[in-house]
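The next block holds one structure in the form of structure tokens; read it before the comments.
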Amino acid sequence: MLSSCSHDKYLYSEEKVEQNLNEKYAAAFEKAFGKVGSNVDWGFSSKKANTRALTRAAGTYASYKGNLQPTITFPTDCNASNFLNAVPAGVNRLPSWGGGAGNYYIDAETPSVSTYAGASTIYVTGTVDLSDSDTDANSPKFAPDYRSAIYLIEGATLKLGEVSAITLNVDAIYIAAGATLEASGLLKANNSTKIYNHGTIKVGTFETNVSGFLYNVGTLEAGNINIESNNSRIVNDGTITATNVTVKAAAIQNNAECNVTNTTKIQSTNSGWVNNGHWTTYDYAYIGGSENVINNCFLEVTHDFEMNISSAEGAFKIDAGCGVVTENFYGGRDSSSGAVSGPFKILMGENAVFKVEKTAQFECGRTGDSGYGIYGISPDGYAVFQAKDIVRDPSLASTNSHGAIIYGGNLYVSAETHFAQGDSGAGRTVIYAVDGFGIADNIYAAGFKSGKPNITIPETPCNPGFVGGSTPLYRVIAEDLSASEAGDFDFNDVVFDVVKAEGGKTTLRLICAGGVLPLRVMGIEVHGLFGETTPNEKGEYKMYNTGAGPNVDPVEFEITGEYTTPEQIKNIKIEVYKNGSWMELQATTGEAACKILVDDTFVPVPERRNIANENKKFTDYVQGTFVDEFWWK
């Protein structure tokens, strides 16, 4: 028996006819849908889409991110011609005593850098270590004229000492791929210093000041990152790794990967934090109240997210289809001041998800007309705030303090437990509902509405996803190797759901049997389950529930063994009898598939219709460019 759907692996290589059949299938599959991506596992994996790769480029998020625009602006990257692989011909080494305006290179023989009387162009080649004995504020070892441009050539390393790194003040620094800028302590982009990094920056602390900025396409590794003055900026299209990130009156925009091992803090009404990629942090503190705190993709907080804002214009904004995951959320808390109650506001677009894995504590301390709270702001669809337990601060709860939370708009709240409504007197309550939100209809928790809201939001690289209502069943769809002859790839030759597994048995529900060839699941012939136990004189069966034959009710049947996870369901054996042999239909990662795992929201494809015509995202999924597991939604 042959046991593969791909074109290069066969259990019995002597069965040439069967080998050729599989080769034809694989060739027809890739002709129809393109080359299969190496990461495509056909759904038979429990890994989340947003953990498939540890590092993603900015382009990974482009198809999924939101587009909320801040009121402030960010710089763009410079022309690629500024990143060099060699010192231009004719350029001389900078003299050891320095030089006036001109073009120079520096290398391992350079003891210090000093230029004056106009803009200079300085090329760094090899390793230039100026880090020792750089303690005189009146005589930094790296002191180009402030109008100068610095080019770190591919493979170059520039190490700055204490004073030079703090007083860095030039027009621009261009760091090529493979080049490195280092400082053991604080490196500050002062005044109008522009740093364009396509290589690596390694520093103890990185800081932008006045109107200085960093545009990072490479790697920034820092203990602390401080974005200080109103006009200073950081834009990340590469990877940032830091212990702490503090946004004061300045702004940062992340388009790719930012990993903060301790705290991300937004602390000014003028702060800007715009996340268009994946931002991971241990703690996230939004204190201040800026209108430019925007999550256009995915924020992951592995410990505590706290929020206490001082401005009515301030809000944490989540665009449509984007999301947050945090272990705990504290609305109203500011641990730096000891406050446990205060205003907070979260604005969520359609299909936005804010997921709290453990506890969400609310203490807003405001009335329903204050404009604070959590809102679903889209008129077209709902957002979801999800938590395990939604609680109050015990002390404030004991005094029945009013206004713990305000819910508004098209928002669902889904939790295991939620504190009860209360009356604080004088018409003041604990939970306020505004803008069409209904406490009886929109809160799903013990003591409120039972179950979960009837909404399913797909998981994407920008969204943790939400499965509401009853949990969808796993559904297997399969193609019986005849598509290369019929040319349809309808994947309806057998369709079944995995209903339950208990007592060493698994119950399956047969939905379709759209192939004419004998086909069995774990040894059970599927047409027989629909009542047709014998094929016709050609050895063919009718096609059931696909629009080209009888329509019958689904049938449940049991198989031996418990199959609950995608990995286990992959082992449910499906075989087709073709050319005198039973052949197993498999789904090997990165190869043409004969079976695919979806869920029961997938609508079976009608007979002789191509699955890609009915599901427009399928081709991108096959090629590995569409990483959302819910390609059929």
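The values are calculated or read from the model by the stated rules, or taken from the named source; none is laboratory data. Here the structure is a predicted model, which is why all the values come from computation and not from measurement. Reconstructed Cβ throughout: ideal geometry from the backbone, glycine too, with neighbour counts over all protein chains shown. Ligands, DNA and RNA are excluded from the accessible area calculation, which covers all protein heavy atoms including side chains. Shrake-Rupley method; radii C 1.70, N 1.55, O 1.52, S 1.80 Å.
One table, with the values for the structure above:
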read-out: Cα pair distances of the stretch 433-533 binned at 10 Å [whole percent]; value: 12, 26, 25, 20, 12, 5, 0
read-out: More than 42 Å apart - percent of Cα-Cα pairs taken over the chain; value: 43
read-out: Dipole moment magnitude, nearest 20 debye, the chain about Cα centre, only Lys, Arg, Asp, Glu C-beta charged; value: 820
read-out: Antiparallel content of DSSP bridges confined to the stretch 340-434, in %, to 5; value: 5
read-out: Rounded to 5, the percent of DSSP beta bridges in the stretch 267-470 classed as antiparallel; value: 10
read-out: Built amide H within the under 5 Å cut-off of Ile455, gap 5+; value: Gly468, Gly469
read-out: Using θ = phi - 60° and Karplus 6.51 cos²θ - 1.76 cosθ + 1.60, couplings along the stretch 532-545 (whole Hz; Gly, Pro as x); value: 9, 8, 10, x, 6, 5, 8, x, 10, 9, 6, 9, 9, 6
read-out: With every protein chain in place, the chain: carbon and sulfur % of accessible area (1.4 Å); value: 46
read-out: Most positive-pole-ward Cα, Gly321, Thr167, His278, against dipole of the chain from beta carbon charges; value: Thr167
read-out: Asn262-Asn551 FRET efficiency (beta carbon distance; Förster radius 51 Å; 0.05 resolution); value: 0.25
read-out: At 1.002 mPa s and 20 °C, Stokes diffusion of the stretch 83-217 via Kirkwood alpha-carbon radius, µm² per second; value: 150
read-out: Nearest 10 degrees, 0 to 90: helix 16-33 Cα axis against the chain principal axis; value: 50
read-out: Distance between the stretch 577-633 and the stretch 279-350 - C-alpha centres, whole angstrom; value: 40
read-out: Positive-pole candidate from Gln586, Gly368, Leu347, dipole of the chain, charges at beta carbon; value: Gly368
read-out: Projected area averaged over orientations for the stretch 310-450, convex hull of C-alpha atoms, nm²; value: 8.1
read-out: Calculated FRET value between Ser310 and Glu537, using beta carbons and R₀ = 60 Å, to 0.05; value: 0.15
read-out: Amide H within-cut-off set for Phe316, under 5 Å, with H built and near neighbours excluded; value: Lys345, Ile346, Leu347
read-out: DSSP bridge orientation in the chain - percent antiparallel, rounded to nearest 5; value: 20
read-out: In Å, descending, principal axis extents of the Cα set of the stretch 498-633; value: 44, 39, 30
read-out: The stretch 193-255-the stretch 506-566 distance, computed between alpha-carbon centres (Å); value: 60
